[in-house]
Amino acid sequence: MSRPPLEVADLIRDAGADFIEQNRPWIRWSHVKVMLAIARCRTAALGGHIDECTRCGYRATISYNSCRNRHCPKCQTAAREQWIAARRGELLPTRYMHVVFTLPRRLAPLVLQNKKVIYDLLFRTSAETLLEVARDPRLLGAEIGFFSVLHTWSQQLRIHPHLHIVIPAGGLSPDHTRWVRSRNKYFLPKKVLGRVFRGKFVDALEQAFQDGLLRFEGNLKLLAKPKIFAAWLRPLYRKNWVVYLKRPFGGPEYVLQYLGRYTHRVAISNHRLVSFIDGQVTFRWRDSADHNKQKLRSLPVGKFLSRFLLHLLPQGFVRIRHFGFLASRRRAKLLPLCFQLLGAAQQQPHEEHTSSTEHSPDLYRCPNCGGPMKVIERLTAAEIQLRSPPRISAAA
């Protein structure tokens, strides 16, 4: 994919200092740290390296290092490819399902003040819902395994927490002696999943309140009172919670391509940015309410950066998690059993030699012969500056 004409890094370099100064009452060091990393990503400020082909000896020019920040739009390609390669040996020879659990918009203000607590609850209660409903002998009657990926944004960068979950269309029988396949056009009932998810999440949120795990600041201060909080939660029981199920799709090879759309994404990619003129940032967005038509939206750069920073995850927060027979404590024992019951051999993931030029997949392999590239020299920012030609002004 060609390099986009405009990047989030360009916006931060141009307007980041003024944005920080104007938003000092709420901005934190974690926000500044991410902005600084994105602005410096793949510039001489982070140093660089030189790659050489191990087959034909082709030597590339200096490549600047990546910031490796998980919120940086430019640093996710290599991480995604490595994660998918590691999953290759875990994909079962069966159809797969895509399920999406979404939190109601009413919870958005509370989410922003309690990200870690509520995102943890979203992971836990959605997993409990799927495992419980799938075990029901009237529905599937099986133990399933899946992984969940957290996304926190809408197409217009508003707070919109939801989980993308990929599940094999079937599971292990309760006695672990056979593989239970789901029906071709049916997996689990959406209405049942929605009701169970709603009950589990609201109960867990009430328990978190009783345990003193929730913070209430600004306009939410009154919610710290038990009666007001209970009244605020009550309307959540009256609405249907959205659980979206796509029809079963292809086998393991297709799943590998499918996963690339959802893992290691950030709130907005650089390729969605259109222009930055007179302090207005214009970007593309997809309107799901209008047949997924591509539309343009313009925001002042300060508002755009504010929305972008809404989606920073708490430090150390794990946004891709595994459950059921794919959970880390059970995977080694149950995954080979699944392959055995499906009559297939488990494939070992291929180890590919890749360059540290994470930002450019074309440089994983030599552009001349396709051989693997290897780092032969690392350069600090000072060393790169010494190698650079003198500026015209300095020479004059």
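State all residues of segment 1-36 that are open to solvent by 20 Å² or more (accessible area, probe 1.4 Å), among the hydrophobic types (A, V, I, L, M, F, W, C) and in a helix (DSSP H, G or I); if no residue qualifies, say none.
Result: 17, 20, 29, 32, 36.
Identify, please: which residue in segment 227-242 is modelled with pLDDT under 95 and open to solvent by less than 30 Å² (accessible area, probe 1.4 Å) and is, among those, farthest from the chain's Cα centre (by Cα)?
Applying the filter and picking the extreme gives 233.
Filter segment 126-146 for residues that are out of contact with any helix residue (DSSP H, G or I) (no Cβ under 8 Å at 6 or more places or on another chain) and surrounded by 20 or more Cβ atoms within 10 Å (Cβ to Cβ); which is nearest to residue 263 (Cα to Cα)? Even if it seems obvious, please write down each step before you answer.
First, the residues of segment 126-146 that are out of contact with any helix residue (DSSP H, G or I) (no Cβ under 8 Å at 6 or more places or on another chain): 127, 131, 134-138.
From what is left, the residues that are surrounded by 20 or more Cβ atoms within 10 Å (Cβ to Cβ) are 127, 134.
Numbers: 127: 18, 134: 24 Å.
Of everything passing the filter in segment 126-146, 127 is nearest to residue 263 (Cα to Cα).
Name, by its number, the condition in (1) without any contact (Cβ under 8 Å) to a residue 24 or more places away in the chain; (2) under 24 Å from residue 161 (Cβ atoms); (3) hydroxyl-bearing (Ser, Thr, Tyr) that does not hold for residue 306.
(1)
Against the condition in contact with a Lys or Arg (Cβ under 8 Å, 6 or more places away or on another chain) and surrounded by 15 or more Cβ atoms within 10 Å (Cβ to Cβ), how does residue 42 come out, does it pass?
yes
Against the conditions (1) open to solvent by 40 Å² or more (accessible area, probe 1.4 Å); (2) more than 19 Å from residue 9 (Cβ to Cβ), where does residue 68 fall short? Just the number, please.
(2)
Can you find, within segment 207-216, the residue that is nearest to the chain's Cα centre (by Cα) among those that are surrounded by fewer than 15 Cβ atoms within 10 Å (Cβ to Cβ) and in a helix (DSSP H, G or I)?
207
Check whether at least one residue in segment 78-93 is open to solvent by 10 Å² or more (accessible area, probe 1.4 Å), in a loop (DSSP other than H, G, I, E, B) and among the polar types (S, T, N, Q), and report yes or no.
no
Taking segment 306-336, which residues are in a helix (DSSP H, G or I) and hydrophobic (A, V, I, L, M, F, W, C)?
Those that are in a helix (DSSP H, G or I) and hydrophobic (A, V, I, L, M, F, W, C): 308, 309, 332, 334, 335.
Would you confirm whether any residue within segment 261-283 is free of Cβ contacts under 8 Å to residues at least 12 places away in the same chain and either basic (Lys, Arg) or surrounded by 13 or more Cβ atoms within 10 Å (Cβ to Cβ) (or both)?
Checked against the condition, which is being free of Cβ contacts under 8 Å to residues at least 12 places away in the same chain and either basic (Lys, Arg) or surrounded by 13 or more Cβ atoms within 10 Å (Cβ to Cβ) (or both), segment 261-283 yields at least one hit.
When only residues in segment 45-67 that are hydroxyl-bearing (Ser, Thr, Tyr) and assigned to a strand (DSSP E or B) count, which is modelled with the lowest pLDDT?
Selected residue: 63.
Restricting to segment 209-264, name every residue that is within 17 Å of residue 117 (Cβ to Cβ) and charged (D, E, K, R).
211, 215, 217
Which fully enclosed strands (runs of 3 or more DSSP E) of segment 219-301 have 3 or more residues being of a type in the set (D, E, K, R)?
Numbers: elements: 243-245, 273-277, 280-287, 293-300.
It comes to 280-287, 293-300.
Within segment 143-164, can one find any residue that is of a type in the set (Asp, Glu) and more than 20 Å from residue 117 (Cβ to Cβ)?
Scanning segment 143-164 turns up at least one residue that is of a type in the set (Asp, Glu) and more than 20 Å from residue 117 (Cβ to Cβ).
Which count do you get for residues in segment 339-396 that are outside any loop (DSSP other than H, G, I, E, B), at pLDDT 55 or above and not charged (D, E, K, R)?
So the answer is 14.
Can you find a residue in segment 105-119 that is more than 30 Å from residue 301 (Cβ to Cβ) and in contact with a strand residue (DSSP E or B) (Cβ under 6 Å, 6 or more places away or on another chain)? Please lay out each step first, then the result.
Applying the first criterion (more than 30 Å from residue 301 (Cβ to Cβ)) to segment 105-119 yields 117.
Checking the rest, the ones that are also in contact with a strand residue (DSSP E or B) (Cβ under 6 Å, 6 or more places away or on another chain) come to none.
No, segment 105-119 contains no residue that is more than 30 Å from residue 301 (Cβ to Cβ) and in contact with a strand residue (DSSP E or B) (Cβ under 6 Å, 6 or more places away or on another chain).
Six or more apart or on different chains, Cβ atoms under 7 Å: show the pairs whose first residue is in segment 110-121 and over 15 Å from residue 315 (Cα atoms) and whose second is assigned to a helix (DSSP H, G or I).
110/118; 110/220; 111/118; 121/201; 121/204; 121/205; 121/208
Out of (1) touching a Pro at 6+ places or on another chain (Cβ under 8 Å); (2) open to solvent by 40 Å² or more (accessible area, probe 1.4 Å); (3) at pLDDT 90 or above, the odd one out for residue 105 is which?
Unmet for residue 105, out of (1) touching a Pro at 6+ places or on another chain (Cβ under 8 Å); (2) open to solvent by 40 Å² or more (accessible area, probe 1.4 Å); (3) at pLDDT 90 or above: (1).
The values are calculated or read from the model by the stated rules, or taken from the named source; none is laboratory data. Since the model is a prediction, treat every value here as computed from it, not as a measurement. Don't worry about glycine lacking a Cβ; one is built from the backbone with ideal geometry, like all the others, and counts go over all protein chains shown. The accessibility values were calculated without ligands, DNA or RNA, using every heavy atom of the protein model including side chains. Shrake-Rupley method; radii C 1.70, N 1.55, O 1.52, S 1.80 Å.
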